[in-house]
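Written out below as structure tokens is the structure these notes cover.
The values are calculated or read from the model by the stated rules, or taken from the named source; none is laboratory data. Please read all numbers here as calculations on a predicted model, not as lab measurements. As a convention, Cβ positions derive from the backbone with ideal geometry for all residues, glycine included, and neighbour counts pool all protein chains shown. Surface areas here come from the heavy atoms of the whole protein model, side chains and all, with no ligands, DNA or RNA. Shrake-Rupley method; radii C 1.70, N 1.55, O 1.52, S 1.80 Å.
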Amino acid sequence: MKISDRIRHISINDHKTERFEGLWALPYGVSYNSYLVVDEKIALIDTAGAEYKDLFLEAIREEIGSRAIDYVVVNHMEPDHSALLSEIRNLYPDVTILCSQKAAGMIAGYHGITDNIQTVKENESVSLGNCNLTFYMTPMVHWPETMMTWLAEEKTFFTGDAFGAFMACDGQTVDGFDRIELEMTRYYASIVGKYGAQVQMALKKAAGLEIERICSTHGPVWEQEIGKTVALYDQLSRYEPVRKGVCIAYGSMYGNTEKAALDLAAELERLGVEYRLHNLSAEDPSFAYRDAFRYTHIVAGSPTYNNDIYPPVYSFMYGLGARLLKNRKFFAFGSFTWAGASVKLLNAMAEKNGWTLIGEGKSFSQGWSKEKCDLRELAEAIAADCR
Ligand code: FEO
């Protein structure tokens, strides 16, 4: 697809893969984007996953016909963007690979390619004739070799994973922030969430550029809605909540902890507090990660299991700690049959993450009833916080 006279968008829309990285559910699919910059010389920016070889090469031929690709820019080596590097080399044997020093080692490791590689440094430019590609090192957004590519003549920034989203683009390839915000946040929280400090450094570099177009490797090209997109990334990478409200995440074996979670949801509803409920026994944690990043409050519910936290809830809490999520208010609840341990252990994990406990938590034995586990006071405290 033509983005401008010089830039072509090659977007593979994947509705088949069930889990990104083998982990994260894709209810709306995902896109893998690469870009051709067509000038006196032609540069291809990133490639795609191995399973899309035929589609990808055909799309390139449609755009450039019998012309050869002179450069392939490797902004990021994760195989969803680099798997077809060998195929490009086979088809265009004189192509020069432009990449960071760290990426060069990975190219050797993944593809066995060690020649025709030109490593580039911060702020270095390569001319395509009438326009120039300039490179900015952005390590850990999302791997250590990552860089971004600036095309000043088009005011276009090729940002790799940054500003990407789950969700196939299909017909809507430019903007669409309101439609995509939740899937963008889920992508950020799952994939990039640990690297807030590095995203902040990348944003500082981007602030010096007069950007009119962001070309990410997942999701749409951003043009009219760059401001909203950058503001969301800025907020998420500072670990600041995006909205006042509650992420309720729970696991349940026989429905008692679940009854407490649903009762809390009803109390919050009554008080007009925004919340989202996640059953971690039934869904992968990325949806709850999204809302933990998004909201001011996290409430976790877990039965006691093997004198410990119920495994999916432990995994959720551990995952948020691994993503360095800070600056949240927290409450724990959960059922047990003969000895309660989960609430105390959840509180300890929350404190280790640096979150503020709203109270000591609520633990109840065996079947749930409102008398045993009344979360009205908690709901009122949260409502007061959220006013
Ligand atoms: Fe889309 Fe980090 O790869």
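Quick one: how many residues across the range 64-101 are within 16 Å of the ligand (Cβ to nearest atom) and either open to solvent by 50 Å² or more (accessible area, probe 1.4 Å) or in a helix (DSSP H, G or I) (or both)?
Here is the first cut: in the range 64-101, the residues within 16 Å of the ligand (Cβ to nearest atom) are 73-85, 99-100.
From the residues that got through so far, the ones that are either open to solvent by 50 Å² or more (accessible area, probe 1.4 Å) or in a helix (DSSP H, G or I) (or both) too are 79-82, 85.
The qualifying residues number 5.
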Can you find, within the range 306-355, the residue that is nearest to Ala197 (Cα to Cα) among those that are open to solvent by less than 20 Å² (accessible area, probe 1.4 Å) and β-branched (Val, Ile, Thr)? Val313
Scanning the range 102-119 residue by residue, the ones that are within 15 Å of the ligand (Cβ to nearest atom), open to solvent by 10 Å² or more (accessible area, probe 1.4 Å) and out of contact with any Leu (no Cβ under 9 Å at 6 or more places or on another chain) total 2
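Does Leu209 satisfy being touching a residue at least 12 places away in the same chain (Cβ under 8 Å), touching a Lys or Arg at 6+ places or on another chain (Cβ under 9 Å) and surrounded by fewer than 17 Cβ atoms within 10 Å (Cβ to Cβ)?
For Leu209, the condition - touching a residue at least 12 places away in the same chain (Cβ under 8 Å), touching a Lys or Arg at 6+ places or on another chain (Cβ under 9 Å) and surrounded by fewer than 17 Cβ atoms within 10 Å (Cβ to Cβ) - is met.
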Subset of the range 272-303 (residues that are touching a Lys or Arg at 6+ places or on another chain (Cβ under 7 Å), open to solvent by 10 Å² or more (accessible area, probe 1.4 Å) and charged (D, E, K, R)): Glu274, Arg290, Arg294
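Looking only at the range 7-40, how many residues end up being basic (Lys, Arg) and either within 16 Å of the ligand (Cβ to nearest atom) or surrounded by 19 or more Cβ atoms within 10 Å (Cβ to Cβ) (or both)? Talk me through it step by step, then tell me what you get.
To start, the set of residues in the range 7-40 that are basic (Lys, Arg) comprises 8, 16, 19.
Pick out the ones that are also either within 16 Å of the ligand (Cβ to nearest atom) or surrounded by 19 or more Cβ atoms within 10 Å (Cβ to Cβ) (or both) and you get 8, 19.
Of the residues in the range 7-40, 2 are basic (Lys, Arg) and either within 16 Å of the ligand (Cβ to nearest atom) or surrounded by 19 or more Cβ atoms within 10 Å (Cβ to Cβ) (or both).
Within the range 102-132, track down each residue that is in a helix (DSSP H, G or I) and not charged (D, E, K, R). Lay out the reasoning, then the answer.
Narrowing the range 102-132 to residues in a helix (DSSP H, G or I): 102-111.
Ala103, Ala104, Gly105, Met106, Ile107, Ala108, Gly109, Tyr110, His111 - these are the residues of the range 102-132 that are in a helix (DSSP H, G or I) and not charged (D, E, K, R).
Check whether at least one residue in the range 46-55 is away from the ligand (no atom under 16 Å from the Cβ) and among the hydrophobic types (A, V, I, L, M, F, W, C), and report yes or no. Working first, answer last.
So in the range 46-55, the residues away from the ligand (no atom under 16 Å from the Cβ) come out as 53-55.
Next cut, among the hydrophobic types (A, V, I, L, M, F, W, C) only: 55.
The answer is yes; a qualifying residue exists.
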